[in-house]
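Take a look at the structure below.
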Amino acid sequence: MPKITVASQNPVKLKAALAAFQQMFPGRGFHVQGASVPSGVPDQPMNVIQTQTGSRNRAENARAAAPEADYWVGIEGGIEDSPLGMTCFARVHVLGRDGITGLGQTAVFYLPREVAELVRGGLELGHADDIVFGSDNSKQANGAIGLLTDDLVDREAYYTHAVIMALVPFKNRALSW
């Protein structure tokens, strides 16, 4: 059974990675495990470059921590601030034992001003969400997207689609990547 090492112990990220692999490769069994590894970027990545770098670093550090795995998944949430507002997204890197690399990204959405101001003041998005929405540890549950959509889209579903996007080269091995 192929082993997936996700560069996190967050149960939302572990479930999202497993769900994505199961959807892309139906009928195959997978074992998923987490690894606490550093991202090499700030706790709250503030732009797409930091976020992408963090997801890649996490995947590479997961590979170093669990070299016996078949796939390594790095998921990094980030924000990007602009005159139009603060947006939220995550980047995903998947590395395969066979040398294939995949990249995915979640959908992008605007954060409310109340949350954005707290993030600009130095808080991580999850902590800002907890303050504004009166929640507790939302980053390990429904996250900002779940809080803002009344769980129509929760954090697990949000990440699952991005992992699926990162698995496109693995599903289409006959093509050049």
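May I ask you to list the residues in the range 22-65 that are open to solvent by less than 30 Å² (accessible area, probe 1.4 Å) and assigned to a helix (DSSP H, G or I)? Give the steps one after another, and end with the answer.
Residues of the range 22-65 that are open to solvent by less than 30 Å² (accessible area, probe 1.4 Å), as a first pass: 24-25, 30, 34-35, 37, 39, 41, 44-45, 51, 54-55, 59, 62.
Selection gives Met24, Thr51, Gly54, Ser55, Ala59, Ala62.
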Looking at Tyr110, is it open to solvent by 50 Å² or more (accessible area, probe 1.4 Å), hydroxyl-bearing (Ser, Thr, Tyr) and touching a residue at least 12 places away in the same chain (Cβ under 8 Å)? yes
Taking the range 1-21, which residues are assigned to a helix (DSSP H, G or I), open to solvent by less than 90 Å² (accessible area, probe 1.4 Å) and either under 21 Å from Thr53 (Cβ atoms) or not aromatic (Phe, Trp, Tyr) (or both)? Pro11, Val12, Lys13, Leu14, Ala16, Ala17, Leu18, Ala19, Ala20
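Do you know which residues across the range 22-41 are within 21 Å of Thr51 (Cβ to Cβ) and out of contact with any helix residue (DSSP H, G or I) (no Cβ under 7 Å at 6 or more places or on another chain)? Walk me through how you get there before you give the answer.
At the first step, the residues of the range 22-41 found to be within 21 Å of Thr51 (Cβ to Cβ) are 34-41.
If the condition is that a residue be within 21 Å of Thr51 (Cβ to Cβ) and out of contact with any helix residue (DSSP H, G or I) (no Cβ under 7 Å at 6 or more places or on another chain), then Ser36 is the only one that fits.
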Qualifying helices (runs of 4 or more DSSP H) (wholly inside the range 77-177; at least 1 residues being among the aromatic types (Phe, Trp, Tyr) and within 19 Å of Met46 (Cα to Cα)): 155-166
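The values are calculated or read from the model by the stated rules, or taken from the named source; none is laboratory data. Everything numeric here is computed off the predicted structure, so don't read it as measured data. We place every Cβ from the backbone using ideal geometry, glycine too, and count neighbours over all the protein chains shown. Accessible surface is based on the protein model in full, side chains and every heavy atom, while ligands, DNA and RNA are left aside. Shrake-Rupley method; radii C 1.70, N 1.55, O 1.52, S 1.80 Å.
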